[in-house]
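K.L.:
Have a look at this one before I ask anything.
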Amino acid sequence: MWPDIIRKAKEGGINLIQTYVFWNIHEPVQGQYNFEGNFDIVKFIKEIAKQDMYVTLRIGPYIEAEWTSGGFPYWLREVDNITFRSYNEPFVHHMKKYAEKIIDLMKKEKLFAPQGGPIILAQIENEYNNVQAAYKENGKKYIEWAANLAVKLYDGVPWIMCKQKEAPPSVINTCNGRHCADTFAGPNGPNKPSLWTENWTAQYRTFGDPPSQRAAEDLAFSVARFFAKNGTLANYYMYHGGTNFGRSASSFVTTRYYDEAPLDEFGLMRDPKWSHLRDLHRALRLSRRALLWGTPTVQKINEDLEITVYENTADHMCAAFLTNNHTILPSNITFRGAQYYLPEKSVSILADCKTVVYNTQTVVSQHNSRNFVPSEKAKNLKWEMYQEKVPTFNDLALKNNVPLELYSLLKDKTDYAWYSTSINLNRHDLPMKPDILTVLQVASMGHALAAFVNGKYVGFGHGDNIEKSFVFRQPIVLKPGINHITFLAEIVGYPNSGAYMEKRFAGPRGVTIQGLMAGTLDITLNVWGHEVGVFGEKEQLFTEEGAKKVKWTPITGPPPGPVTWYKAYFDAPEGTDPVALRMNVMQKGMIWVNGKSLGRYWVSFLSPLGQPTQAEYHVPRAFLKPNNNLLVVFEETGGNPEEIEIVTVNRDTICSMITEYNPPNVKSWERSGSKFIAVVEDLKTGAHLTCPDDNVIEKVEFASYGNPDGACGNFIIGNCTSPNSIKVAEQHCLGKHTCSIPVEREIFDEPNKDPCPNIFKTLAVQVKCVVPKKN
């Protein structure tokens, strides 16, 4: 998928890709390195170079990134006397060794710019200011040591530290945030440029969160304003977030990452975010000569209105940024004898100090809507199941007086560990009244657990990203004699941020039984058995070979519920669109296709809106064979696999919403040397629609010229619309890959038949694209 995603970024006007280097995937075992397959960072960087783009290499080794352990390998946690991200001898020893490994690899492959490669910037550490105070003097010493280490490793490109206000002189401090033009105090030295390393295109999601949003208009405003204020680099975090396959996501972070980015999880262009930013990048390039060689001047009209001009009169270069900072009111502004209209909270870019080629608040590019289409080829799956045995104390070899801490028990090998103990009760210990039950209470430091009493499932408890610890309480039925109390304790990723990450803990810490005749019984010190992982993981039931090791049975009645493995085979869905699994009917667990882990799913954890944070899970077509793909699901608490849906994903619903006063598209102009020229004869506004890939427009699903409202996929007609709207759209667009509909009143209505002649009009169009039929 890499070449296609990079190509789409380049088409969007991006000329630099910023990437982390993930210590825990490259050195999962101390001294054993992995740069193969999906971990082939050299291949990735060379693919970027192949497409004539630059690279910022963020080696960390702490990266955060909502990635498990912030990128640190688990073995580092078990180094004696280590303190992460501090001037601590064991930590700086291992960090130096790893950093040398990565930089030596880059130099060997000649990937730095002075060697002819694409890497023009490198980063050491990451947002250290957030935690530096916790380490006191060792924090200051560490950041100075890290900066010196970086420059000694390679001094052919600049090194940066993001969100490091007092960065050492040898590195450049940069900004991360949503509005760095106004929140960044600027570089802390006279020879350091103003760099924005993370412009957050939305927000990552954790399970239980509602959807995240950030308008294309707000993103565009922030970038235009940053370059107006002498910005040198703006990087989007994320431009493409993709998928946290396997167990790579940090605590409670969803498998889908930054789906609201310009390129969504599946690598599809999310319009208007992708296209509105593409137009912004073109407008900035049209202005680049003045930005690079012009002298900036700033004129404050009032508290909200501002004019910034970059001009070199000797070489006839000029570009202007007209800014309206008011969040509600539009305004008119006079500049060099001409008047310009500025919508609220917007920047207009005048690439020649005369012509508005772009306004951040005015979207003239197309919109689209994402569709999940059930596959006809991959349906009616025949499911089989295998249920894990719930172990008892005697089944578990690892014994301890108290429940063991979960992170250090798991060692990042799995999400799961069994805990079990047993208690011997006589009938006089138990409640005498039939309407009174004992209650099992478990105080856990996180993240989740499924509880069983005498092999019977009694309930599930969990924390969340804000409060990972929780208390599980559930009535239980005990019997005279031996009773087995068993938990499947679970984590949902290791933590990725904050100070002293190596000193975080998880798992059950206190267990009591309430309601016994003698009162509450604390069984925390009762001696516990433990086992890391579940049987199906160890036997790799998710692979063809592993699946043969157990007897699978058809599902003939209701699914049995918790700790159950399900498998089915399916053929690759029709077409070439991305593929996903719709998991609404399941609850929580893991998914594999052809032995490759798609990651964690958790659809039973609902957001405040009553919906799962993530219901669809990406299946890369690269994982699929034409036929007989093995799909395996491990369900922890319950669900019905027979209703899992295999869907294809498209953005074939495309739209435009254009007003009469919108400027023409920025593609209407180009620059040739010092000349700025129009490339179309008639500079008029219009609705421009282009289907993805080679698809063509099959149907006009909505069209209204008047005062429509809504968004792509949900347009509504206002109280005025031309009766010819659909007809005009069909005449201009049906059967075409790309089309333009002029926003001109005479096209839609005869002068004496205009239903609303006295309003500013808007054209909203929605069309459906399809693969063209072969002759």
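The values are calculated or read from the model by the stated rules, or taken from the named source; none is laboratory data. What you see is a predicted model; the values in this text were computed from it and never measured. Here Cβ is always computed from backbone atoms with ideal geometry, including for glycine, and neighbour counts include all displayed protein chains. Heavy atoms of the whole protein, side chains included, go into the accessibility calculation; ligands, DNA and RNA do not. Shrake-Rupley method; radii C 1.70, N 1.55, O 1.52, S 1.80 Å.
K.L.:
Can you give me the pair-distance distribution of region 393-533, C-alpha pairs, 5 Å bins, whole percents?
P.N.:
Calculated over all Cα pairs of region 393-533, the distribution is 2, 10, 20, 23, 19, 12, 7, 4, 2, 1, 0 percent.
K.L.:
Counting only heavy atoms of the protein chains, get the accessible area per residue of the chain (1.4 Å probe) and round it to a whole Å² value.
P.N.:
43
K.L.:
Specify which residue in the list 441, 517, 478 is farthest towards the positive end of the charge dipole of region 393-533, using unit charges on the beta carbon of Lys, Arg (+1) and Asp, Glu (-1), about the Cα centre.
P.N.:
Sorting the options by dipole projection puts first 517.
K.L.:
Then there is this: Relative contact order of the chain, please, whole-number percent, based on alpha carbon pairs below 8 angstrom and at least 6 residues apart.
P.N.:
Values: 1822 pairs, mean separation 86.0, N = 775.
Relative contact order, the chain: 11 percent.
K.L.:
Percent of accessible area on the chain owned by carbon and sulfur, 1.4 Å probe?
P.N.:
Details: 16770 of 33080 Å².
Taking all protein chains in place, the chain shows 51 percent carbon and sulfur surface.
K.L.:
For region 106-155, which semi-axes, largest first and in whole Å, follow from the square roots of 5 times the eigenvalues of its Cα gyration tensor?
P.N.:
Semi-axis lengths for region 106-155 are 29, 11, 6 Å.
K.L.:
Work from the charge dipole of region 522-609 (Cβ charges, +1 for Lys and Arg, -1 for Asp and Glu, about the Cα centre) and give the residue of 568, 598, 558 farthest towards its positive end.
P.N.:
558
K.L.:
Residues of region 616-656 with amide nitrogen under 16 Å from the 7 Å Cα-to-Cβ point of residue 594?
P.N.:
618-632
K.L.:
Loop only per DSSP, at most 12 neighbouring Cβ atoms within 10 Å: give me the GluC sites (Glu not before Pro) in region 261-335, ordered by residue number.
P.N.:
Numbers: sites: 265, 303, 306, 311; in loops: 265, 303.
Passing sites in region 261-335 are 303.
K.L.:
Let me ask another. Relative to the Cα centre, what is the charge dipole magnitude of the chain, using +1 at the beta carbon of each Lys and Arg, -1 at the beta carbon of each Asp and Glu, and rounding to the nearest 20 debye?
P.N.:
Working: 82 positive and 83 negative charges, 211 e Å.
So the magnitude is around 1020 debye.
K.L.:
Here is a further query. Given bins 10 angstrom wide, list per bin the percent of all Cα-Cα distances in region 651-770, short to long.
P.N.:
It works out to 14, 41, 31, 11, 2, in whole percents.
K.L.:
Something else: Report Rg/Rh for region 205-340, rounded to two decimals, where Rg is the Cα radius of gyration and Rh the Kirkwood radius.
P.N.:
On the way: Rg = 19.0 Å, Rh = 17.4 Å.
On the Cα set of region 205-340, Rg over Rh gives 1.09.
K.L.:
Do any cysteines of the chain lack a neighbour Cys whose Cβ is under 4.7 Å away, and which are they?
P.N.:
Among the cysteines of the chain, those whose Cβ sits 4.7 Å or more from every other are 162.
K.L.:
At 222 nm, what helix-only mean residue ellipticity would the chain give, in deg cm²/dmol to the nearest 500, using -39500 (n - 2.57) for each DSSP H run of four or more? Don't jump to the answer; show the numbers that get you there.
P.N.:
Working: 15 runs with 129 residues, N = 775.
For the chain, the value works out to -4500 deg cm²/dmol.
K.L.:
On a 19 Å Cα-Cα criterion, which of the cross-link pairs 46/107; 379/567; 354/761; 354/684 come out too long? Please report the intermediate quantities before stating the final value.
P.N.:
On the way: 46/107 13 Å; 379/567 14 Å; 354/761 26 Å; 354/684 17 Å.
Among 46/107; 379/567; 354/761; 354/684, the Cα-Cα distance tops 19 Å for 354/761.
K.L.:
Quick one: check the C-alpha center-to-center distance for region 212-279 versus region 596-663, whole angstrom.
P.N.:
Using only Cα atoms, the two centres lie 19 Å from each other.
K.L.:
Then there is this: Region 582-706: percent of C-alpha pairs farther apart than 22 Å? Intermediate results must be reported in sequence, preceding the final value.
P.N.:
On the way: 4788 of 7750 pairs.
Roughly 62 percent, rounded to a whole number.
K.L.:
D for the chain, whole µm²/s, Stokes-Einstein with Kirkwood Rh over alpha-carbon pairs at 20 °C and 1.002 mPa s: what number? Intermediate results must be reported in sequence, preceding the final value.
P.N.:
Numbers: Rh = 29.3 Å.
The estimated diffusion coefficient comes to 73 µm²/s.
K.L.:
State, as an integer percentage, the relative contact order of region 651-770 based on alpha-carbon contacts under 8 Å between residues 6 or more apart.
P.N.:
Details: 242 pairs, mean separation 48.5, N = 120.
So the answer I get is 40 percent.
K.L.:
Quick one: what do you get for region 350-410 if you divide its Cα Rg by 2.2 N^0.38 Å? List each step's numbers first, then the result.
P.N.:
Details: Rg = 30.2 Å, N = 61, 2.2 N^0.38 = 10.5 Å.
So the Cα radius of gyration is 2.88 times the expected 2.2 N^0.38 Å.
K.L.:
For region 1-170, what are the per-bin percents of Cα-Cα distances with bins 5 Å wide, up to the bin holding the maximum?
P.N.:
With a bin width of 5 Å, the distribution comes to 1, 8, 17, 20, 21, 16, 9, 5, 2, 0.
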